[in-house]
Amino acid sequence: MDHTYIPAFTLEPPKKAIERNKPAAIQTPRFIDDVTAGRVELPTIPRVVQRLIAALRDPDIDSRKIAEALSQDPVLSAKVLRVANSSFFGGERSMASIDAAISLIGTQALSRLIMACGVSTSFKEVPGIDLRIFWRDALVAGTAATKLASELSADAEEAYVCGLLHATGHLILCQSYPEIAQAMFAGFEVVRGAELAEIELGAFGIDHAEVGALWVQSLGFPTSVSTTIGRCARPAAAGDEPLALTLRAACALAAAVAANANADQALATLAPDVRTRFSANGQPSAAFGKLYESLLETEPMV
């Protein structure tokens, strides 16, 4: 079975599957040069989000301080509460305040939610991309990576960041060069992994994995995160580290969720050495079934 990496995002429902050719009038850009020269600016995470992520690393943080910080950004606060109230987090009772959200889901889950919702605000509208689907898939990948990390000996927080942000390089490219993005991606069937990277290299002169690595590095995330994201479009290798294995597995599950596959089908998308850890007698283990069911319930952030 081919276990080539599949980035966890989906564009518009399939419309056409024809050979795409970048218009001759549009030159292939030089992304790195454009960033260096200031012609292209990398997206930034809102300062309130940066402060909150830093503050939430403290296990003894006062929930009132979190609520006070979030109150500076009512839009972000409302988005965080909406996702916290979704079926993904139980949805059994409505949380009207951040304090209530912390009590129910905990500071760690809230930190991840704040990061997800905050990062998504950096991309208002991107040519050729359905952001509602994109960020749902990103949240699924991040959550799956967190759940899989312990079994695969990876750091859970780094795994979450990799899952959440691994495909954002494609958003950055499409946002930076809208004419090319519109010509190459709007209305076409979704493409993933090596196929997407090949199209990007021809259209933009660089692929989403490399751009994503540059971006997370500029945001100050650990080298292990940027390195893993930078290699995410390459085929799996025997020497892949635990974080890379975790990201590949998480993205495979996110793709399965996007396809509305069942647990058996989702398990089959995992690499053999990963699959055996989440199966019992060839079938999905109870823990895997529960994890996958929760992923299916994930709702969009935008």
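The values are calculated or read from the model by the stated rules, or taken from the named source; none is laboratory data. None of the values given here were measured: they were computed from a predicted structure. Heads up, the Cβs are rebuilt from the backbone with ideal geometry, glycines too, and the neighbour counts pull from every protein chain shown.
On the given criteria, is residue 202 part of a helix (DSSP H, G or I) and buried (at least 24 other Cβ atoms within 10 Å of the Cβ)? Against the criterion (part of a helix (DSSP H, G or I) and buried (at least 24 other Cβ atoms within 10 Å of the Cβ)), residue 202 does not qualify. Taking the criterion of being modelled with pLDDT of 95 or more and either of a type in the set (Val, Ile, Thr) or outside the structural domain of residue 34 (by TED's automatic domain parsing) (or both), the residues of the stretch 203-222 that qualify are 206, 211.
The set of residues in the stretch 283-302 being over 17 Å from the mean Cα position of the chain (by Cα) and either polar (S, T, N, Q) or over 15 Å from residue 262 (Cα atoms) (or both) consists of 283, 285. Restrict the check to the stretch 149-167 and report whether at least one residue is touching a His at 6+ places or on another chain (Cβ under 8 Å) and either in a helix (DSSP H, G or I) or at negative phi (or both). Within the stretch 149-167, one or more residues are touching a His at 6+ places or on another chain (Cβ under 8 Å) and either in a helix (DSSP H, G or I) or at negative phi (or both).
Of the residues 68, 125, the single one that is surrounded by fewer than 20 Cβ atoms within 10 Å (Cβ to Cβ), out of contact with any Ser or Thr (no Cβ under 8 Å at 6 or more places or on another chain) and not in a helix (DSSP H, G or I) is 125.
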